Amino acid sequence: MSVSYKKLWIHLIEKNMKRTDLIKLTGITSNTLANMGKDEYISMKNLERICKAMNLTPSDILEFVED
């Protein structure tokens, strides 16, 4: 099982935001963003930052998918 951040990328498109805007808004690092781009796990702390900044829940941001 792996993680997918496809839902987050869709939210960014709907809000006309770029990934660099997400870094500025949330304070996450570019390394964290790169990991998300590769569908790798991120810390709960970073997940919380994204959720609070974008007013979303974790299920709005990610989903688990079968390999």
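Read-outs: derived from the displayed coordinates by stated rules, not from any lab. Note that this is a predicted model, so its numbers are computed, not measured. Note that each Cβ is placed from the backbone with ideal geometry, even for glycine, and that neighbours are counted across all protein chains shown.
Within the stretch 1-13, the set of residues being part of a helix (DSSP H, G or I) and of a type in the set (A, V, I, L, M, F, W, C) comprises L8, W9, I10, L12, I13.
On inspection, K6 qualifies as out of contact with any Lys or Arg (no Cβ under 6 Å at 6 or more places or on another chain) and under 24 Å from E66 (Cβ atoms).
One residue stands out in the stretch 13-47 among those that are of a type in the set (D, E) and more than 10 Å from the chain's Cα centre (by Cα): the one that is nearest to M1 (Cα to Cα), namely E40.
For first residues located in the stretch 1-24 and over 16 Å from T57 (Cα atoms), partners that are hydroxyl-bearing (S, T, Y) and in a helix (DSSP H, G or I) and lie 6+ apart or on another chain with Cβ distances below 8 Å form the pairs I23/S30.
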